[in-house]
């Protein structure tokens, strides 16, 4: 038996012995376990599964063992992931910091910083949030102005970050801050990490048009952090931020594997709310709904094409570039159609007269507006396609 | 089965690209048009395609085919589209070939398929009786008179009918079922007259008045609806690939123009209004390609449920129709004045795109067909 086959056998029997049966079922979104200083478990199986994976070093399976990781090779990592999928194991915790910040720390942080942060991260003891966007730096992120001014051995941070997911529940933040000049604006940015419990940090959750959300605004009022919390070189943070955003895309696709938003099936709604179209207007509506289904299937084929293309080492950059744009716009388009199909039943806000599914639909429709903005708005996506994929020239 | 080209498909793709670039540039289509060549294609180019094995690609080795699989047509039609190449590959080989395979007797197949492959026999499918694609609307009749068959009817548009050796005519039998009849082009009572369309290809109307045929002219004995539908689905997938190829060429020309055309002191491709429109067209094309691959994958899976095959093929024709329509309209608009001149090639692509969009079902037809096959 080859080494990798032997490894597969070991992994399989370990998972079978250690993953509780209830952790091998589909995970409702309210049963996700989030790592951090205080971890909340809903039941004993969650705690067991969390602790066993932690102790095995498999929160971070491919990190070096010296930092608390599992020390697995890329090949072994994919075996572990495949076996977990096969047994339908839930992720023992959700920890975006491990997936996004982790690789950047491994590559750019000093040895002292690695020793400070990686082992507790690998034990699931730090929940991270991301401080990138600001009220006046959205699509034009590099114009950010939250400042970090050197003062002896410290930086003094002033300003505000917005759209910080789970800012109110996180232990630490990694943030892009201005430490240098505004011209050129990318050249004065640094990456720092800070404890959310530091004096001067306040967090305000943001209500969206869809209601409560995980987004927060974070304010910094003379927040002092030691200079040892600068990651990488001073004023060289822009490149690290871009690397983080690369990992963000991967983290988000990993996250969406577990935390699928409620899927609203257009066909099911069509049959329920327009079972027998008669008038020309109803027939036109039906045709628009079918066109929406067809666009969805085209997109799902393109997703499969990405996977197959990557496996065959083909260039799939064009498909990847359109993915976020197409998906977020298709979803919004679908909700708009569902609104037309269901009339006021899709516009319920609360209370009697609406099923939970109908109320969820209202929320998801309103939330779909955020999806075409967050993580690079549709316009930013179109810029990227035009410039990087099509090679259209920059305006001077 | 896969949504990406295999190495073999990629080789076919590359060799088709090289052949068409060298032997069948758009200038060849201009010459065919300007010299009013009735066949609508250059016979030497067609001969070259035959020599490269294009007509043999999907047929079984028993009939002197290459047994490459139907998937071979994906890169071929994509490249035909890219170069605006005209040939009877769709009419004679894909459509009539599929019907032969499905319906003809073993002896007929042994005799006729090798001739289809060699080009010695060129067939055209006489189906449409309507202005829009309507495969169920068959009023042409086939009546038994003694040991003969008598055909009467009017076929509104038959692609590649002129100079074909015979037409495969879809007609209704007395019991209401649909049959397929091989009508030699010189049959008494058959009148084939050219219909000159915008794409300058070979189209004709066919009138059948008491055309008498031997009973052996009927291909297959039972109702042919299923075989016809499979053949049409193959044709639709090929048209989708052709539309994709044409749209990609127009898009490529347009992006190039955006980079080089200077107005207001800058390449017009620096203007964000145009950049975003171009990016949206690119998005459509990427999705269109995925649907073409999905359709060919479906057609290579004989075990696939028929409704699923129908959905995937209709999805591809629908998406490629829409993408090619958008790209051709935007392509011309972004070219400005030169885009509407006959000298510039983009107009030739527009004309062929529109005819290919309508052929074997426009977008509404395929949206409806997709709807009819949901939940089956």
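The values are calculated or read from the model by the stated rules, or taken from the named source; none is laboratory data. These figures come from a predicted structure and were not determined experimentally. Positions of Cβ are generated from backbone atoms using ideal geometry, with glycine treated the same way; all protein chains shown enter the neighbour counts.
Quick notes on this one:
- Spans of helices (runs of 4 or more DSSP H) in the range A:310-396 with at least 3 residues within 14 Å of chain B (Cβ to nearest Cβ) and under 30 Å from residue B:7 (Cα atoms): A:317-342
- Any hit, the range B:33-45, residues being part of a helix (DSSP H, G or I), crowded, with 21+ Cβ neighbours inside 10 Å and either assigned by TED's automatic domain parsing to the domain that holds residue B:163 or in contact with a helix residue (DSSP H, G or I) (Cβ under 9 Å, 6 or more places away or on another chain) (or both): no
- Residue pairs meeting the criteria (Cβ under 7 Å; at least 6 apart or on separate chains; first free of Cβ contacts under 8 Å to residues at least 40 places away in the same chain and within 7 Å of chain B (Cβ to nearest Cβ), in the range A:290-303; second surrounded by fewer than 19 Cβ atoms within 10 Å (Cβ to Cβ) and part of a helix (DSSP H, G or I)): A:299/A:327; A:299/A:330
- Residue within the range A:42-56 that is closer than 30 Å to residue A:239 by Cα and out of contact with any strand residue (DSSP E or B) (no Cβ under 9 Å at 6 or more places or on another chain) present: no
- Given (1) within 22 Å of residue B:352 (Cβ to Cβ); (2) more than 14 Å from the chain's Cα centre (by Cα), number of the condition residue B:105 does not satisfy: (1)
For every residue, the table says whether it meets (1) more than 14 Å from chain A (Cβ to nearest Cβ); (2) in a loop (DSSP other than H, G, I, E, B); (3) more than 26 Å from residue A:320 (Cα to Cα).
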residue: B:222; (1), (2), (3): yes, yes, yes
residue: B:229; (1), (2), (3): yes, no, yes
residue: B:258; (1), (2), (3): no, no, no
residue: B:274; (1), (2), (3): no, no, no
residue: B:277; (1), (2), (3): no, no, no
residue: B:285; (1), (2), (3): no, no, no
residue: B:290; (1), (2), (3): no, no, no
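- Criterion: surrounded by fewer than 19 Cβ atoms within 10 Å (Cβ to Cβ), on the phi > 0 side of the Ramachandran plot and touching a residue at least 40 places away in the same chain (Cβ under 8 Å) - qualifying residue of B:210, B:223: B:210
- All conditions but one from (1) part of a helix (DSSP H, G or I); (2) without any contact (Cβ under 8 Å) to a residue 40 or more places away in the chain apply to residue B:233; the one that does not is (2).
Yes or no, residue by residue, for (1) crowded, with 20+ Cβ neighbours inside 10 Å; (2) assigned to a helix (DSSP H, G or I); (3) modelled with pLDDT under 95; (4) outside the structural domain of residue B:80 (by TED's automatic domain parsing):
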{"residue": "B:304", "(1), (2), (3), (4)": "no, no, yes, yes"}
{"residue": "B:324", "(1), (2), (3), (4)": "yes, yes, no, yes"}
{"residue": "B:331", "(1), (2), (3), (4)": "yes, yes, no, yes"}
{"residue": "B:344", "(1), (2), (3), (4)": "no, no, no, yes"}
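- The range B:292-309, residues that are within 17 Å of the chain's Cα centre (by Cα) and away from every other protein chain (no Cβ under 11 Å): B:296, B:299
- Residues being over 15 Å from residue A:20 (Cα atoms) and in a helix (DSSP H, G or I) - total across the range A:31-51: 0
- Spans of strands (runs of 3 or more DSSP E) in the range B:108-185 with at least 1 residues within 18 Å of residue B:197 (Cα to Cα), under 18 Å from the mean Cα position of the chain (by Cα) and in contact (Cβ under 8 Å) with a residue 60 or more places away in the chain: B:123-126, B:148-159
- Residue match in the range A:245-253 (condition: more than 14 Å from chain B (Cβ to nearest Cβ) and modelled with pLDDT of 90 or more): no
- Members of the range B:260-272 found to be more than 9 Å from chain A (Cβ to nearest Cβ) and either within 18 Å of residue B:332 (Cβ to Cβ) or in contact with a helix residue (DSSP H, G or I) (Cβ under 9 Å, 6 or more places away or on another chain) (or both), listed by number: B:260, B:261, B:262, B:263, B:268
- Residue A:306 meets each of the listed conditions (1) within 24 Å of residue B:298 (Cα to Cα); (2) at the interface with chain B (Cβ under 7 Å from one of its Cβ atoms); (3) part of a helix (DSSP H, G or I) apart from (2).
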